[in-house]
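Down below is the structure, laid out as structure tokens.
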Amino acid sequence: MPELPEVEVTRLSFAQAIQGAVVMAVTMGKPLRWPLGCDVAFLTGCRVLGVGRRGKYLLIELDQGWLLVHLGMSGSLRFAKQLPPVGIHDHFEMVTTQGILRLNDPRRFGAVVYVQSLTDALAVKLLGQLGMEPLSESFDLKLFASGLRQRKTTIKQVLMAGDLVVGVGNIYASEALFMAAIRPTVSAADLSRIRVVRLHAAIKDVLARAVEKGGSTLKDFSSANGQAGYFQLEAMVYGRANMPCKRCDSTIQMIRQGQRSTFYCPVCQKH
């Protein structure tokens, strides 16, 4: 599943190229997770003002509303002057004066939704419960510490829930906890002040490095210009079960938490 770094990499790869473009035509393929919310003809003539992001949603600002784009489990966007003919898994295409934006989503858990304003009920429903943005100044240490003290579930599950801090998906939660020397099974409420400080810094560092490396390509992720990510090649624990720890040479362990695989080093992450 594309996580926050992959979505941010996608945004960076086409935001500048599409800014100022005028929509010439929009076509939809098979139904996605939610309906578009407007007639495709309405979008013709709209101008793209910019592309932002909130959590794992891309926010395409138009001069007459917004398109909220979610990549779901297997989606990816491409933007180019020309693209191959539409395929069986291409379910949204927006032709503009500056190129073609196309969503490919084999599992169709993604979505493209139109709203007139980010204060619309649907936009608030999708975006309103999201936690702090870890790559922005809004990721406040005091609020993070306060939120952790109120949660007695395991720290790995708290990070992945998304209501305290967004975008710390499975790969990045495992990596950040390793960097902070925190075992993923520890209760969030039991973390000491110094460990919270370490974790706060680790989350920012891991996600920033992931964006710098183009995200993680475990199966078929690529940015809007077709580039694969390489962060997975630097992973310290994720996907390395039964392999030696790169720091202490102990054997990396894998457990299941909330039906997701968690990787950690039993020596580097004692507590």
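The values are calculated or read from the model by the stated rules, or taken from the named source; none is laboratory data. Computed from a predicted model, the values in this text were never measured in an experiment. Surface accessibility is based on the protein's heavy atoms, side chains included, excluding ligands, DNA and RNA. Shrake-Rupley method; radii C 1.70, N 1.55, O 1.52, S 1.80 Å.
One table, with the values for the structure above:
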quantity: Relative contact order (percent, whole number), the stretch 4-127, Cα cutoff 8 Å, 6+ residue spacing; calculated: 29
quantity: Euclidean distance of C-alpha centroids, the stretch 172-188 and the stretch 72-131, integer Å; calculated: 32
quantity: Normalised per residue, the volume of the convex hull around the Cα set of the chain (Å³); calculated: 124
quantity: The stretch 33-83, accessible surface, carbon-and-sulfur percent (1.4 angstrom probe); calculated: 50
quantity: With DNA, RNA and ligands ignored, accessible area of Leu12 (1.4 Å probe; Å², nearest 10); calculated: 100
quantity: Å² per residue, accessible surface of the stretch 4-127 at 1.4 Å; calculated: 45
quantity: Of all accessible heavy-atom area on the stretch 118-211, the percent that carbon and sulfur account for (1.4 Å); calculated: 56
quantity: Cα shape, the stretch 4-127, gyration tensor, a/c 1.5 rule; calculated: rounded
quantity: Links that overshoot a 28 Å alpha carbon limit, given the list Lys125/Lys152; Lys56/Lys270; Lys156/Lys246; Lys30/Lys204; calculated: Lys56/Lys270; Lys30/Lys204
